[in-house]
Amino acid sequence: MKMRSFILRRCGLLMLIALRLLNHSTSADDSASTADFAANWHQWRGPDANGSAAESATPPVSWEAKTNVQWTVDLPGDGSATPVVWGDQVFVLSAEKTDRKAETPTVPHPTAKTIPPNLYYRFIVTSVDRQTGGVLWQKVATEQVPHEGHHDSHTYAAGSPSTDGERLYASFGSRGIFCYTLTGELLWQKDLGDMHTRFAWGEAVTPALAGDALIVNWDQEEGSFVVALDTMTGEERWRKERPDERTSWNTPLVTEFEGRKLAILNGSGKARAYDVVNGDVVWECGGQTTNAIPTALRFSDNVICMSGYRGAASFSIPLNSRGNVTGSDQIRWSHPEGTPYVPSPTLTGRRLVFTGANSDILTCLDAETGKALIERRRIPGVGGFYASPLAANGHLYFVGREGTTAVLKDNETLDVVGTNTLEGTFDASPIAVGKQLFLRSWNKLYCIAE
């Protein structure tokens, strides 16, 4: 009888595993259609990972505190993570300081220029009703004492979430990566350890979806790596060391070329393309500046990588490259001026638009040739930028840190349409879905609609 019971239990376990594998094989690629992804804003740089909204997006071009603001939500604590939208839900992350002190103060790293807070923080995921602004659900993912401080222009919630239409992936970096259903049920969580950033300036770990894998870049001062997590379980599929990389705050670009999914990671050492299946490096290209933050984007069969801290660099690299192409004639074009530090560039048609460093100096290149179409032109009415520009409905939106958004016409001359101001500090990038524009300050979420 014992043997029979054992066999039955064993068969049941095998059947459960088989069902799980069957469900796994129909994960992100099959659970939502291409049209679903195009109609939403499921990842931090939008449907095509280049800062452009869907063609159906028609957000307003003018607003102020009492005009064209459909709703406003106060968020717990603060954060600079860009929200994502799926269906009628807007998902946003924040971190809230508590009054509870740590029993043992954290000893800062010898190179740290910031001091750990010695207080517990709540790391919070909020789902907001897209139409009404009501909070649908709110979950405290974890309550922990951060092991490092952060730069005074940074927050503890800077990594943006991602969704595949079935699950939400929320990253708080060293505090953990958390997977929820879209109704707020926690499915799994993953601890990748404590990240040690340059001068303890803080983290911005944003996971990138690659079918049924989640690509996470863990660039830090020592022991950098990139890892692929199973979206169903959170288990590691592969991990690759990045020994010559330091802190970069860079989000992977996932794209497909000739039947192979690639994860392109920018980096101060080299930009690299990894095979999503096994983590092998397909090609690499050096020449970036330090602190290579901007996310790469794809144009045609090329990937454009930029960086702009204490220097300027941009390269258009063919996706069919192999090996180390640094300085080779395989590079389609390069442009060594006016590139961004924190913001990522935006692609609209053949126009590649970006601002220099974190300033209000605008450049526009032809993405095919690298030729400068507009160079070193000041955007009126705004100061510096951390947010990346948005292209939507024939316009470009540049959100300044002080709350002023400049709207430019998406044409050859990038004519200024106007400026709009809201209260708050804005580091998250603007996103547009349908007739709505979403702007996130450190502690508020605004929905702009006529």
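The C-beta contact set for the stretch 188-199 (first residue of a type in the set (Phe, Trp, Tyr), second residue modelled with pLDDT under 95, distance under 6 angstrom, 6+ apart or interchain) comprises 199/113. Annotation: residue 320 fulfils all but one of (1) over 19 Å from residue 53 (Cα atoms); (2) in contact (Cβ under 8 Å) with a residue 60 or more places away in the chain; (3) under 23 Å from the mean Cα position of the chain (by Cα); the unmet one is (3).
Considering the stretch 326-360, the residues that are among the β-branched types (Val, Ile, Thr) and surrounded by 21 or more Cβ atoms within 10 Å (Cβ to Cβ) include one that is nearest to residue 297 (Cα to Cα), namely 346.
The strands (runs of 3 or more DSSP E) found entirely in the stretch 53-159 that carry 3 or more residues being surrounded by fewer than 19 Cβ atoms within 10 Å (Cβ to Cβ) are 69-74, 89-101, 119-129, 135-144. Residue pairs whose Cβ atoms lie under 7 Å apart, sitting 6 or more positions apart in sequence or on different chains, and linking a residue in the stretch 158-174 that is modelled with pLDDT of 95 or more to a partner that is crowded, with 24+ Cβ neighbours inside 10 Å and among the charged types (D, E, K, R), are 158/203; 159/203; 173/203; 174/203. Of the residues making up the stretch 231-245, those that are at pLDDT 95 or above and either in contact with a helix residue (DSSP H, G or I) (Cβ under 8 Å, 6 or more places away or on another chain) or under 30 Å from residue 300 (Cβ atoms) (or both) are 231, 232, 237, 238, 240, 242, 245.
Against the numbered list (1) touching a residue at least 40 places away in the same chain (Cβ under 8 Å); (2) charged (D, E, K, R); (3) touching a Ser or Thr at 6+ places or on another chain (Cβ under 9 Å), residue 239 comes up short only at (3). Residues of the stretch 221-264 that are of a type in the set (Phe, Trp, Tyr) and touching a Phe, Trp or Tyr at 6+ places or on another chain (Cβ under 8 Å): 225 alone. Of all residues in the stretch 38-86, exactly one satisfies the criterion of being without any contact (Cβ under 8 Å) to a residue 12 or more places away in the chain and basic (Lys, Arg), namely 66.
Sub-8 Å Cβ pairs linking a first residue in the stretch 418-442 that is within 15 Å of residue 65 (Cα to Cα) and surrounded by fewer than 20 Cβ atoms within 10 Å (Cβ to Cβ) to a second residue that is at pLDDT 95 or above and among the hydrophobic types (A, V, I, L, M, F, W, C), at least 6 apart or interchain, are 419/406; 419/407; 424/442; 425/442, ordered by first then second residue. Here residue 202 does not fit the description of being more than 21 Å from residue 275 (Cα to Cα), touching a residue at least 40 places away in the same chain (Cβ under 8 Å), touching a strand residue (DSSP E or B) at 6+ places or on another chain (Cβ under 8 Å) and not in a helix (DSSP H, G or I). For the stretch 94-114, a residue qualifies if it is within 27 Å of the chain's Cα centre (by Cα) and either free of Cβ contacts under 8 Å to residues at least 40 places away in the same chain or within 14 Å of residue 441 (Cβ to Cβ) (or both), and the qualifying residues are 94, 96, 97. Here the condition is being on the phi > 0 side of the Ramachandran plot and either in contact with a Lys or Arg (Cβ under 9 Å, 6 or more places away or on another chain) or touching a residue at least 40 places away in the same chain (Cβ under 8 Å) (or both); of 356, 338, 286, it holds for 338 alone.
For the stretch 369-450, the strands (runs of 3 or more DSSP E) that sit wholly inside it and include 3 or more residues that are of a type in the set (Val, Ile, Thr) and at pLDDT 95 or above are 404-409, 416-421.
The values are calculated or read from the model by the stated rules, or taken from the named source; none is laboratory data. Only a predicted model underlies this, so the values are computations on that prediction, with no experimental measurement involved. Glycine gets a Cβ as well: all are built from the backbone with ideal geometry, and neighbour counts include every protein chain shown.
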